[in-house]
Structures are given as C-alpha cells and as structure tokens.
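Below is one structure, written out as structure tokens, with a few remarks after it.
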Amino acid sequence: MRRIVSLGPAAWVFASAVLSVGAARAAVVVPLPQHPELQAVADRVHAFTVQVRARAFVADQTDGGLRVHDAVSSASGVLVGDGLVLTGLGTVTLRGRDGGLQPANEIEVLVTDVGPLPARLLAGDAALDVAVLKLPDEARSLPGASLAAEDPNVGDAMLATGVDGDSIRVVGVLLERLGVGDDAGPRLQTDRALPPPFWGGPLFDDRGHLVGITTHPASAGGPAVPASLLRSLLRRLRGGSGI
C-alpha cells in the first residue's frame, strides 16, 4: 500500500502576495480541430481549475552568518469537493536537510469568483507527486470536479487546463499511451508536453469528468496521474481521520 504522508493540523496562514480578490477568470481555449465539442466541455469545467501559490522561508548559512530568504512557487490545481484541492506536491513542499519533505510556510489558493483562500497541506504522495490541500470549512460548499469512473483509453481526446496569468488556458490533448511510473503504477502520457502553468492542473474527458492531474514532464510527452490513483488517494485519506 502506498504511504500517504500526513502533515498534521498546521495553522491557517494567509500569503502576503496580493491577488485579485473575487476576480473572474476567462477561459482561453485551444481545442483539437477534430473535436470542436470540447469547447462546450471547457465552458462547464474550467472554473474548477485554481491557482496554487506557496511561500517558504529558507535559511542558508553564509560566511556572514544565517541568511533567510523567500522561496515562492505557483502551479495549477483542481477543486474536488469537500473543500479539497489536488495539485503537485513539489509546489507546496521543500526538501529539508534530512531529505524529508516539509510544507511551505504559506499556501494560498485562488478560486474563480471567490478570490484567494488560505490552505494547508493535508497529505501528499511523493511517488505520485500529488498533494491534497484543505481549504477553510467555509469552502466545503464549493463545487468540485467529478472523478471519471474509468481511466481513458489510448487515442481519447482530453482537455488540459491551467492558470496562466489572469486567464485559465484550456488545451486539447490526446492520450498517446499508457505509461508506468517509478512506483509501477499507471501514468497517462499525452501527445504533447504541457508548459509549467498546466503542472498540477486537471485533465478532463469529453464528458467533463476529471481523468488525471498533469505532473512535471520527464520526457517529450506530457505525464499525468490517472483518476484511478487519485480516487484511491482520496478514499484512503477520507477513510482515516485526516479530513
């Protein structure tokens, strides 16, 4: 059984970076020419995509003594209901001197039509490079993406979404092949590598169901963690006392 790393009940903290509170984000869609129906799907699901911003305080020992500086990162993520957000683990953690992962000091999630919300790292799976964030209780009513019942098949058209500046970009991709991760679990390989704004963001099928989370590419194709593994992660988390 894959180990879920629980980071405990960290206090809510607000990031100091200023974001546009309550600003609606437009969807910039680049569909597949042979699948124009994906435009309607993008209109329905793009608002589930969020921006995740993290800030950590890093201490370095220099000749002049101890120096502390900020390390800031950002990525996309997706609302999945119950006030939970899925994103890339590397965005919200730093590796400590002992080799272990430590949560960023401040994590913030920017939700369309809501604005920035504080978040805490609830759990993460290092093998999947997936993190589960928890928003304040008031955000439990926010709608979330529905996980697909089955993983997609090779050749299926999908929508990759990510936050890029003030817009949510939506790009049509094809499932090129089914790969295998370092943990021997399945991975989705899309026909194109997606740029950084898409990392941690969702992949949707032609029915608007969440079929995967885009991760950092290690090759020419774009890798993603499939819904079957995301469902297992959330089920084990919800089955414990983490939520």
*Based on what the data block shows, is residue 124 buried (at least 24 other Cβ atoms within 10 Å of the Cβ), among the small types (Gly, Ala, Ser) and not in a loop (DSSP other than H, G, I, E, B)?*
yes
*So which pairs qualify, if the first residue must be in the range 127-143 and at pLDDT below 95, the second must be of a type in the set (Lys, Arg) and assigned to a loop (DSSP other than H, G, I, E, B), the Cβ gap must be under 8 Å, and the two must be at least 6 apart or on different chains?*
127/2; 128/2
_Residue ID - modelled with the highest pLDDT, chosen from residues in the range 56-109 that are outside any strand (DSSP E or B) and under 23 Å from residue 164 (Cβ atoms)_ = 80
*Selected residue (only one of 101, 110, 128 is of a type outside the set (D, E, K, R) and more than 28 Å from residue 207 (Cβ to Cβ))*: 101
*Restricting attention to strands (runs of 3 or more DSSP E) lying wholly within the range 149-220, give those where 2 or more residues are of a type in the set (Val, Ile, Thr) and touching a strand residue (DSSP E or B) at 6+ places or on another chain (Cβ under 8 Å).*
157-164, 167-180, 210-214
*Please work out which residue is farthest from residue 51 (Cα to Cα), limiting yourself to the range 127-142 and to residues that are assigned to a loop (DSSP other than H, G, I, E, B) and out of contact with any Leu (no Cβ under 7 Å at 6 or more places or on another chain).*
127
*Tell me, yes or no, whether the range 38-48 has at least one residue that is among the hydrophobic types (A, V, I, L, M, F, W, C), out of contact with any Leu (no Cβ under 8 Å at 6 or more places or on another chain), over 16 Å from residue 206 (Cβ atoms) and at pLDDT 70 or above.*
yes
*Restricting the first residue to the range 37-52 and requiring it to be in contact (Cβ under 8 Å) with a residue 40 or more places away in the chain, which pairs with a second residue that is among the aromatic types (Phe, Trp, Tyr) and buried (at least 24 other Cβ atoms within 10 Å of the Cβ) meet a Cβ separation below 7 Å and a spacing of at least six or different chains?*
41/204; 45/204
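The values are calculated or read from the model by the stated rules, or taken from the named source; none is laboratory data. The shown structure was predicted, so the numbers you read here are calculated from the model rather than taken from an experiment. Methodologically, a virtual Cβ is constructed for each residue, glycine included, from the backbone with ideal geometry; neighbour enumeration extends over all protein chains shown.
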